[in-house]
Every structure is written in C-alpha cells, then in structure tokens.
Protein chains: 2
Amino acid sequence: MRIAVDAMGGDTGPRVVVPGAIDAAKARPGELKLILIGREEEIRPLLGDVDPSWVEIVHATENIEMNEPPAQAIRSKKDSSIGVALRLIREGRADAMVSAGNTGAVVAGSLLTLGRLHGVSRPAISTLWPNKQRGAVVLDVGANHECTPKNLVQFAIMGSVFARYHAGVERPRVGLLNIGEEKSKGNDLVRESHGLLEKDPRIHFVGNVEGRDVFDGAADVVVCDGFVGNVILKFSESIYSFLAHLVKDEIRRGVMAKAGALLMKPAFGSVRARLDYAEYGGAPLLGVKGVVIISHGKSSRRAIRNAILVAAKAVNANLNRHIEEQFNPGIPHAVEVR
Amino acid sequence: MRIAVDAMGGDTGPRVVVPGAIDAAKARPGELKLILIGREEEIRPLLGDVDPSWVEIVHATENIEMNEPPAQAIRSKKDSSIGVALRLIREGRADAMVSAGNTGAVVAGSLLTLGRLHGVSRPAISTLWPNKQRGAVVLDVGANHECTPKNLVQFAIMGSVFARYHAGVERPRVGLLNIGEEKSKGNDLVRESHGLLEKDPRIHFVGNVEGRDVFDGAADVVVCDGFVGNVILKFSESIYSFLAHLVKDEIRRGVMAKAGALLMKPAFGSVRARLDYAEYGGAPLLGVKGVVIISHGKSSRRAIRNAILVAAKAVNANLNRHIEEQFNPGIPHAVEVR
C-alpha cells in the first residue's frame, strides 16, 4: 500500500513528519510504502536507517503556509506538497494521503483534484473523540461552515460507515448535536435535520445529544455543522490544557500537593494519553474520491504515525466503496474507488 | 432591595432554592428582602430561623416543568412562579428576579411581561467563564438560536457594559468566537459580524477568538450566537466531569495514585471551585426591562446564593440604565429602568 505523506505539513514540518511516517512503516513492516512529498534536501537527511524500499521521495518545490487562503493557494501553487500528494492519488500512484498542513487547502484541493464520491454533496472531516465508552466519531469538524439538513444526513451516513469499519461498531448509534433532548429544540438547521435523520432507514438515529451525552458515550456518531464542530473541537483541546494549568498552579502552592502530584504522575500520564489527539491521529475527509487524512497542525511524531495507520486501515477496509454503496445501493461502481 | 426568587425552580426546587436564598440574605444582612414565590406550604417549613422581616412568601399555584414548551407554558400557566416573579418586577414590587427553572420560559416570559430595553433587538444570556486571568463574559449562551450580525454587535455592547459594572473591567476587550484568527474565517454570520464589530466605536474589538484564547483570557467579552454558546457551555461543563471520571478511574488502579490523590485533595478542591458554575452563580438575561438572573437547573444552594448576589450587584450598579445609555446616547430615559 502506497501512502503519500505531505512532509512539509504541520507547524514543525519534515523534522516531525518524516520520523513519524517512518515509525508507521516500521509498525507495519513491509506493508506500507511511504511517498514523502516536499523538499528533497530537507527530507533525505531525516531518513536514517530505514529500509530504502519502504520510502520514496517525491520532490515538491512549493509549500502552502498554515494561514494562506486555501482555495487560492491550492490553485496558484501547482507544485505544493499538498497538491502533489492529491495528484498522486488521482493518478493511481498512491492509495491514500496524509497531511498536517493547511486544512482548508487539503479540503479545497481534494474537491478540486479528486472530486466527491458519487451521491455525496459535501465531504466532512471526521474525528475520533474519547469518551467513557469506546469513543465517538464526530463530524463535521471544519470542512463546511454552512450546512443544510441534507448535508447533516449525509454526514450521519458517512460517519456510520466510518464507525463500522474503523471502530468496529456493528450498528452505530447516531446523535445530533443540539442544545436539548426534545425534537423541537435548537436552530432551524438542527430541527429540520432531526426530522430527516429520524426517517432515514440507513441511520440508527438516537436523537439529540449534548456535551454530557457525547462524553458519556450515548452515541457512536455525533453529527454537527462544521462551524460548531470546529468550535467544540478547539474548546475541548483547550480545556485540557487549561485544567492542567490550574492543577499546576495549585501544586506550586503546597508541599503536600507537590508530593501527591509526584505519586500521581503515571495516573496523569494515562489520562493524558486517553485524551491526546495524538493517540487518535488523523481525521479522514470523508466523501471524496480517495483516502485523505487530515492531521492536527501541532501533530507530534506519534500523531503522524497514527494518522498514517488510520489511512492504512481506511484503505484496507475499502471505506470509500462502503460509503458509495450507502448512497448508490445496488448500482455497480461506475467510479473506481481506491 | 427586593429580590423575587422562583422557589420552585431548578431540578430540586424549594429544598435547595430556599436555603440558598436565605444564605444570600445573611451575606448582606438587612440589605435584601427576599420574595419567595411558589407553593407556600412547601416554602414555609424551610425558612428556619431567618429574620421574618427579610422574607416574604408570594403564593403561586402553578409550576413550569423543565421540559415544557416555554412560550406555551408561560402563556397558559398564568400563576406560575416564573410568571408571578416577572409580574412583580413589572409592577415595581421587585427590583430583580432569580430563577433556576425552565430557561426558555424565563426568556419568553421576560420578553412578554417586561419587554426589551429601548434600542435592544434581542436579549442575551450572559455567563461568567473562568479563565487564566480574571474571567470572561460569554454571551449569548442560549436565548437566541438564530442570530443576525446586528444581534451579535448588540451582545458585544451589552456584554461590555456587564464586564465593566459587574467585573470592574475598565475597557473590556471584545472577541468574536470563531474558528480562526483571520477576518475571512467562519460562517456568514461571523464574517459579517466581524466587519460591524470592527467599526462600532462603542466596542473595543480585538478580533476573532478560539477556545484557547478564551481560556488564556485574550478577551473580556466573548460574543457568539446562542446555539453555539449553549453547545460550548454544556461541553465545558461536561468535560470537567469527564476528566474527573478519567482521573478517578486511574486512581482506582494504583496504590501510589491513591495516596497521591489524598495528598492532592485540597488542590483538586481549589481547582474545582475555580471552575464550578456555582461560584459564578447566575447568568443575567441582558436586554430586558428588569434584572433577570438565570441559574443552572442543577444549581446547588451555593449557586442560588451567588445568583442572588449577582442580581443585587446588577441592581446596585444600575446595569440596565447603563445598557440603555449605550443604545440611546444623550436621550433622557423615557422608560424607567429598575
């Protein structure tokens, strides 16, 4: 399996991405072929002792910065690492791509270069969230800032397929992110979506969910528009570090607490690991013709490794074919899905 | 000062509300007159040894349940504790009201019974959030599920007045809750609002803020639509308890961690207190003709006490007069603001 990796992506670039990618290849020895895309002179020195047959470098001269206007950047920088990775998928030279770069550019580039799966109106970025049970798939967390009820229904279907084939949930329960339990609650978008979700036979809809329900594990798939999803994603990430700040503040004040903190260090470490987005690695952009995995801009080496393993799992599970089957039941696949 | 208290409100009703109210009266001896509204036979036995001149009971035969459709309930139950409390304000018999009951009913009832302050299109529920600095005012967190850019500008103005007179921030920095720093980020609502906020001389606008900025204290006032605000409010509350669950889980596993947790107990307690909504108490419904404070349905005795003190502070600060001045500069007040 050939995985195109945007080596220039993320806040730290090749220095973190390349070792992370090599870790993934080592975790599946001989199974993955990494196609590292970016400035060859920066990538090559980072390869170390990796088996040369596991790695290929594809030189790309340009890089899309984190704050560039996405659509414009993807159009004007023809030789960007993101653009090249997507073209490799389109040309059948890669089975998947992973990028920790400019998310908007990955989304815009995927739409432009790969296009949407047959029957899908809008792709969605789909994340795995920790909760008290086996975790939940939350989507969309940022591909669409304005959504229609029909979009949310499609997110529910794609999220269910992802939960089934990635997380092994037989019949994923779908919740609609809202501000109350009752059907009548929320804004126009969620109220209309509620009616559609209830009726769709492809969806095992369990009703509205709020923050508490998400963490309790009341749903395996949580659907929301990409603006709200992105806001809560960033809030959740920040609250963890805010709490750590408060706890450290208290520890500084007392000797007892300092001793306690030392004893609790491994416990804190485990909690942190259960929460860390690095453990979950990558968020697939569901609904495009190709396996595209988006990683956090602040991805650690471990996060990159895990994102590549998420990509491999999606390719092995034939995720996109299963999504297309939901939208085009009984129709032989006109479009080849990789 | 006379404070009408919805004694039937909240998940636990008079059992928690009445002692909480009495605690507030004791915290400001002789200053507050509590008007406890609800079923007299349930309220009277809870009064204890409180000075009889500090308390009055106004019997109300009906109660609006937490899950009743708000507008309908407030119209049909003429003798509900919420309805009676609001009428007392309108008739000049109370200076403020506090309710931990059905939030929608308090909002609908306030609009119906009190009406909006001159110049205000939509009232907003305004909460105090803990952060690394002195805390932030976040609004709207639930009064409006659909908002216009003009609404968000008005929330910014009202929130700034609240931050000035309640939290003592001279020139409150206003942030717009969004999914990126750049002006071009976000959905139509926030992009249009950004342009208006920048131009308004009444607002000290510091640009877009995301979760991290809110917790770092980058803004004193954070503006968002009521759907997004309510979603993040509930997420934040739930994350705290989710984290506590994870930590307890780890503690159960190891003797060292158990000992550490014992030593850290006071530190955890302090952190919890800094986060607990009970400490912040009540969320004012800004923009209506009267001081209306909304408390969490799960309010503790301490939360009720603090909500009543928030009400008293708003009355003393003449908060509503200051809000009206922002919307009607130089015009003598045709409408008496209590």
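The values are calculated or read from the model by the stated rules, or taken from the named source; none is laboratory data. Everything numeric in this text was worked out from a predicted model, so none of it was measured. For neighbour counting, all protein chains shown are included, and Cβ atoms are generated from backbone atoms with ideal geometry for every residue, glycine included. Note: areas computed on protein heavy atoms with side chains; ligands, DNA, RNA excluded. Shrake-Rupley method; radii C 1.70, N 1.55, O 1.52, S 1.80 Å.
Rounded, prolate or oblate: which one fits the protein assembly as shown, using the alpha carbon gyration tensor with axes a ≥ b ≥ c (rounded when a/c is under 1.5, else prolate when a/b beats b/c, else oblate)? It comes out prolate by the Cα gyration axes. In this rough spin-label picture, where each label sits 7 Å from Cα along the Cβ direction, the B:E181-B:K150 distance is 3.4 nm.
When B:M256, A:M8 are compared by accessible area of protein heavy atoms, the largest-first order is B:M256, A:M8, using a 1.4 Å probe.
Geometric descriptor of the stretch B:234-333, per residue, is 122 Å³ (volume of the convex hull of the Cα atoms). The share of C-alpha pairs in the stretch B:65-113 whose separation exceeds 18 Å stands at 18 percent. Its Cα gyration tensor gives the stretch A:225-285 an equivalent ellipsoid, and the semi-axes of that ellipsoid, as √(5λ) in whole Å with the largest first, are 30, 15, 5. Under the shape rule built on the C-alpha gyration tensor, where the axes satisfy a ≥ b ≥ c, chain A is oblate, since a/c reaches at least 1.5 while a/b does not exceed b/c.
Ranked by the mean number of other Cβ atoms within 10 Å of their residues, highest first, the peptides A:159-167, B:242-250 fall in the order A:159-167, B:242-250.
Taking amide H as placed 1.01 Å from N in the peptide plane, A:S295 has its amide H under 5 Å from the amide H of A:S99, A:A100, A:G101, A:A283, each at least 5 places away in sequence or on another chain. How big is the A/B interface in buried accessible area, both sides summed, 1.4 Å probe, to the nearest 100 Å²? Chain pair A/B: roughly 5100 Å² of buried accessible area.
Per-residue Karplus couplings for the stretch B:225-238, computed as 6.51 cos²θ - 1.76 cosθ + 1.60 with θ equal to phi - 60°, are listed in order as 6, x, 6, 4, x, 5, 4, 5, 4, 5, 5, 4, 4, 6 Hz, Gly and Pro entered as x.
Sorted largest first by accessible area at a 1.4 angstrom probe radius, with every protein chain in place, the residues B:W129, B:W54 fall in the order B:W54, B:W129. Here the stretch A:176-231 and the stretch A:1-46 have alpha carbon centers that stand 37 Å from each other.
For A:H204, the residues 5 or more places off, or on other chains, whose built amide H falls under 5 Å of its own are A:V174. In terms of distances greater than 25 angstrom between alpha carbons, the cross-link table entries A:K185/B:K77; B:K33/B:K313; B:K78/B:K234; A:K199/B:K298 yield B:K78/B:K234; A:K199/B:K298. Here the protein assembly as shown is assigned +1 on the Cβ of each Lys and Arg and -1 on the Cβ of each Asp and Glu. Its dipole about the Cα centre then comes out at about 1000 debye. Inter-chain neighbour count for A:131-144: the average number of beta-carbon atoms from partner chains within 10 Å of each residue's beta-carbon is 1. From its DSSP helices (H runs of at least four residues, each -39,500 (n - 2.57)), chain B gives a residue-normalised ellipticity at 222 nm of -14500 deg cm²/dmol.
The mean count of C-beta atoms from other chains within 10 Å of the C-beta of residues in A:60-67, rounded to a whole number, is 1. With a simple spin-label model that places each label point 7 Å from the Cα along the Cα-to-Cβ direction, the separation between B:L112 and A:K132 comes to 3.6 nm. Counting every pair of alpha carbons in the stretch A:1-93, the share spaced more than 16 Å apart comes to 52 percent. Remark: the stretch B:255-265, residue by residue, has Karplus-estimated 3J(HN,Hα) of 5, 4, 4, 5, 5, x, 5, 4, 5, 8, 3 Hz, where x stands for each Gly or Pro and the curve is 6.51 cos²θ - 1.76 cosθ + 1.60 at θ = phi - 60°.
Backbone amide hydrogens, once placed in the peptide plane, bring B:V58 within less than 5 Å of B:L36, B:I37, B:G38, excluding anything fewer than 5 places away on its chain. Under the simplified labelling scheme, the B:K298-B:K78 pair shows an inter-label distance of 3.8 nm, with each label point 7 Å from Cα along Cα→Cβ. Of the solvent-accessible surface of the protein assembly as shown, computed with a 1.4 Å probe and all protein chains present, 51% belongs to carbon and sulfur.
Shape summary: the stretch A:47-130 maps onto an equivalent ellipsoid whose semi-axes, from the alpha-carbon gyration tensor, are 23, 17, 15 Å in decreasing order.
Per residue of peptide A:252-259, the mean number of Cβ atoms on other chains within 10 Å of the residue Cβ is 4.
Think of a 1.4 Å ball rolled over the protein heavy atoms: the stretch A:147-263 then has 39 Å² of accessible area per residue. Enclosing the Cα atoms of the stretch B:18-175 in their convex hull gives a volume equal to 149 cubic angstrom per residue. Rounded to the nearest 0.05, the FRET efficiency derived from the C-beta distance between A:R93 and B:E192 at R0 = 30 Å is 0.10.
Springs between alpha-carbon pairs under 10 angstrom, Gaussian network model over chain B: which of B:D79, B:D225, B:D95 fluctuates most? Among B:D79, B:D225, B:D95, the largest mean-square fluctuation in the Gaussian network model of chain B belongs to B:D79. Is the stretch B:101-192 best put as rounded, prolate or oblate by its Cα gyration tensor, with a ≥ b ≥ c the root eigenvalues, rounded for a/c under 1.5, and otherwise prolate when a/b is larger than b/c, oblate when not? Oblate. Annotation for the stretch B:125-171 versus the stretch A:117-173: alpha-carbon center distance of 33 Å. Sequence-ordered 3J(HN,Hα) estimates for the stretch A:169-174 from the Karplus curve with 6.51, -1.76 and 1.60 and θ = phi - 60° stand at 8, 4, 10, x, 7, 9 Hz, glycine and proline given as x. Along its three principal directions, the equivalent ellipsoid of the stretch B:164-301 from the Cα gyration tensor extends over semi-axes of 35, 20, 14 Å, largest first. The residues of the stretch B:22-67 expose, per residue, 53 Å² of accessible area to a 1.4 Å probe.
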